[in-house]
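Heads up: the structure comes next, in structure tokens.
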Amino acid sequence: MPPSASISVANRALLPIRTQEDIVRVRQATREHAIAHGFSLVDQTKLVTAASELARNTLDYGHGGDVEIARLVDGVRKGLRLIFSDQGPGIEDLDKALTDGYSTGGGLGLGLSGARRLSNEFTIDSAPGKGTRIMIARWR
Amino acid sequence: MDRIPILKMGPFLLVTIQVDMHDQLAMQLQDDLTSRIVAVRARGVLIDISSLEIVDSFIGRMISNIAGMARVLDAETVVVGMQPAVAITLVELGLSLEGVRTALNVDKGMLLLQRSLEDPEAEQ
């Protein structure tokens, strides 16, 4: 869904993703924002889990980067948006990368596809040598 | 470096995960548990995850790995206390924790382990 003019973006926070401890911090920050924005426990859990998967990808595959967390308000709708960016090697084959069970790193291959299922909105921009940028949003 | 404590209760090992684990800590637990199973000849492992607020694919893989390694070492693994929101998310994420036995709480998990010790055939 393209960002409409009516959506306001607030409380932007930028967090580095350089170490495994940073992944924990991303989870905690996502949880805090989700609670502050009135997300239900299930919605919090889904979003935090998606954030954990993408933060780990940013570290493991993108060689580190950052995430911008922001609160969205669209009339009565409230949401949370996370944008993960890295300057890593990028993703060669996006379709493959989004397939369940496909992994180039020895994982389960559920990170990207799972994070997409756990989000209401998901966009990915990546090209070899140009890094990766993934946006997810979840509305409560 | 910090570690998740592993308690011995008779022939079983009990692990209660109470912190938001970073990945290395999870790997460390996997190694520690495997060593302890052999060292004390444990017949069962009970992992209490009731304090865990999320289980992502990394933690899920760790749990599956522990269950698999324990089985090879002749020990049963039971995971107990998963929060409902975590269970809902886990399934949507695409993780089924195949081969991992679960129980609602520590008591029921202990019963399950004791029963499999008394009558291994019944568990198949």
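Read the figures in this text as sums done on the coordinates, not as results from a lab. Fair warning: this is a prediction, and the values are worked out from it, not measured in the lab. Every residue, glycine among them, receives a Cβ derived from its backbone with ideal geometry; neighbour counts consider all protein chains shown.
Once Lys and Arg get +1 and Asp and Glu get -1 on their Cβ, which of B:LEU90, A:GLN28, A:PHE39 lies farthest toward the positive end of the dipole of the protein assembly as shown?
Among B:LEU90, A:GLN28, A:PHE39, the one farthest towards the positive end of the dipole of the protein assembly as shown is A:PHE39.
Taking the Cα of B:VAL106, stepping 7 Å toward and past its beta carbon, and measuring to each backbone N in the stretch B:30-55: which are under 12 Å?
B:46-51
By the gyration tensor of its Cα atoms, with a ≥ b ≥ c the square roots of the eigenvalues, what is the shape of chain B: rounded for a/c under 1.5, prolate for a/b over b/c, or oblate?
In terms of gyration-tensor shape, oblate.
DSSP loop GluC sites (Glu not before Pro) in the stretch B:70-124 with at most 12 other Cβ atoms within 10 Å of their Cβ, which ones?
On the way: sites: B:GLU76, B:GLU92, B:GLU98, B:GLU118, B:GLU121, B:GLU123; in loops: B:GLU98.
Taking the stretch B:70-124 and a limit of 12 other Cβ atoms within 10 Å, the loop GluC sites (Glu not before Pro) found are B:GLU98.
Just want the ordering: B:MET62, B:MET69, from fewest to most Cβ atoms lying within 10 Å of their own Cβ.
Listing B:MET62, B:MET69 from fewest to most nearby Cβ atoms yields B:MET69, B:MET62.
Given +1 on the Cβ of Lys and Arg, -1 on the Cβ of Asp and Glu, and no further charges, what dipole in debye does the protein assembly as shown carry about its Cα centre, rounded to the nearest 20?
Taking the Cα centre of the protein assembly as shown as origin, the dipole is about 600 debye.
List the equivalent ellipsoid semi-axes of the stretch A:8-140 in whole Å, largest first, each obtained as the square root of 5λ for an eigenvalue λ of the Cα gyration tensor.
24, 15, 14
Sequence neighbours fewer than 8 away in the same chain don't count; with that in mind, list the lysines whose C-alpha is under 25 Å from B:LYS108.
Qualifying lysines at Cα under 25 Å: B:LYS8.
I want to check the label-to-label distance for B:LEU73 and A:THR123. Put each point 7 Å from Cα in the C-beta direction and report it in nm to one decimal.
Calculated label separation equals 4.9 nm.
On a 0 to 90° scale, report how tilted helix A:41-60 is relative to the longest principal axis of chain A, with both axes built from alpha carbons and the result rounded to the nearest 10.
30 degrees
Dipole of the stretch A:9-139, Cα-centred, from +1 at each Lys and Arg C-beta and -1 at each Asp and Glu C-beta, to the nearest 20 debye?
Its charge dipole is roughly 440 debye.
In the stretch A:9-139, with Lys and Arg counted as +1 and Asp and Glu as -1 at Cβ, which of these residues, A:THR123, A:LEU80, A:PRO16, has the Cα nearest the positive end of the dipole, that is, farthest along it?
A:LEU80
Can you tell me which lysines have their Cα less than 21 Å from the Cα of A:LYS46? Leave out same-chain residues fewer than eight positions away.
A:LYS46 reaches A:LYS78.
Let me have the relative contact order for chain A, percent, based on Cα pairs under 8 Å that are six or more residues apart.
So the answer I get is 26 percent.
Below 8 Å between Cα atoms, with a sequence gap of 6+, how large is the relative contact order for chain B in percent? Walk me through the intermediate numbers first.
Values: 181 pairs, mean separation 28.9, N = 124.
In percent, rounded to a whole number, it is 23.
How would the protein assembly as shown be classified by its alpha-carbon gyration tensor: rounded, prolate or oblate, with rounded meaning a/c under 1.5 and the a/b versus b/c comparison settling the rest?
The shape class here is prolate.
At a threshold of 8 angstrom on Cα-Cα distance, excluding pairs fewer than six apart, so keeping six or more, what relative contact order does the stretch A:13-52 reach in percent?
Across the stretch A:13-52, relative contact order equals 44 percent.
Based on Cβ point charges of +1 for Lys and Arg and -1 for Asp and Glu, what charge dipole magnitude is obtained for chain B about its Cα centre, in debye rounded to the nearest 20?
320 debye
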